[in-house]
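Here the structure comes first, spelled out in structure tokens, and everything after it is commentary.
The values are calculated or read from the model by the stated rules, or taken from the named source; none is laboratory data. Keep in mind the model is a prediction, meaning the values are calculated, not measured. Note: ideal-geometry Cβ built from the backbone for every residue, glycine included; neighbour counts use all protein chains shown.
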Amino acid sequence: MRGFIIKLLTFLAGLFYFLEFILPAKIGRYNNPLTPYIQPVGEFLIVFWGFSIGVGALSLMVSHYRKIKLKRPGWAYSIVFFISMIAMMIAVYLNSTHPTPKARFMYELLFTHMYMPLGATIFSLLALFMASAAYRGMKIRTLEGAVMVLSAIIVMLGQVPIGLWLTHRLPAKAQLPRISAWILNVANTAAYRAVIFGIAVGAIAMAIRVWLSLEKEMEVK
């Protein structure tokens, strides 16, 4: 029964926004009857989102607590998680309610000097993995690989002064900066828009599956 209620509420919520969007603003002498409820429903979703974040945080704490209790592999990191969470909560609370120099120092230490560098480190690792993947992908094994490598070389040389220096005697249209700009603004933009279009179609298909509760049924099967 609970699953049926969840599916019904999901369907009705999706149907509400779908009908409000496709129905004209004015139907004969009457306005769209769903439009006045857009703001109240949006405010309800904000409150619901807040509860969802709370439930997610509680679930995360329970998961780490069980990991510590059962001494599962990596349980020491769960202890670090609780210490970090409590320390950050205290720092934010004190800095918001009692903005003393000590509270500000604690907040700056935890957020500015620890959290932000850790975030920068994660992004640096992602950039390293992306560069490594690009290096492996640029091995010329096929015609497509050769085109990608050639395009990458032209774009990189076109962005630095040496590219203009190497081709400054050629006609303007044959200079590397001009070719690089064409690749970025024409060829790359067209491919990027095609990718975005494909992602949008996939997102619509996934939204319809979630709306009709088909995704859960596929997992059960």
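Between 116, 156, which is outside the structural domain of residue 178 (by TED's automatic domain parsing) and surrounded by 10 or more Cβ atoms within 10 Å (Cβ to Cβ)?
Unique residue meeting the criteria: 116.
Considering each of 6, 53 in turn, give the residue that is within 23 Å of residue 206 (Cα to Cα) and at pLDDT 85 or above.
Result: 53 is the single residue among 6, 53 that is within 23 Å of residue 206 (Cα to Cα) and at pLDDT 85 or above.
Return yes or no: is residue 81 without any contact (Cβ under 8 Å) to a residue 24 or more places away in the chain and either touching a His at 6+ places or on another chain (Cβ under 7 Å) or of a type in the set (Gly, Ala, Ser) (or both)?
Taking the combined requirement at face value, the residue satisfies it.
Exactly one of (1) at pLDDT 90 or above; (2) small (Gly, Ala, Ser); (3) over 30 Å from residue 10 (Cα atoms) is unmet by residue 74. Its number?
Unmet condition: (1).
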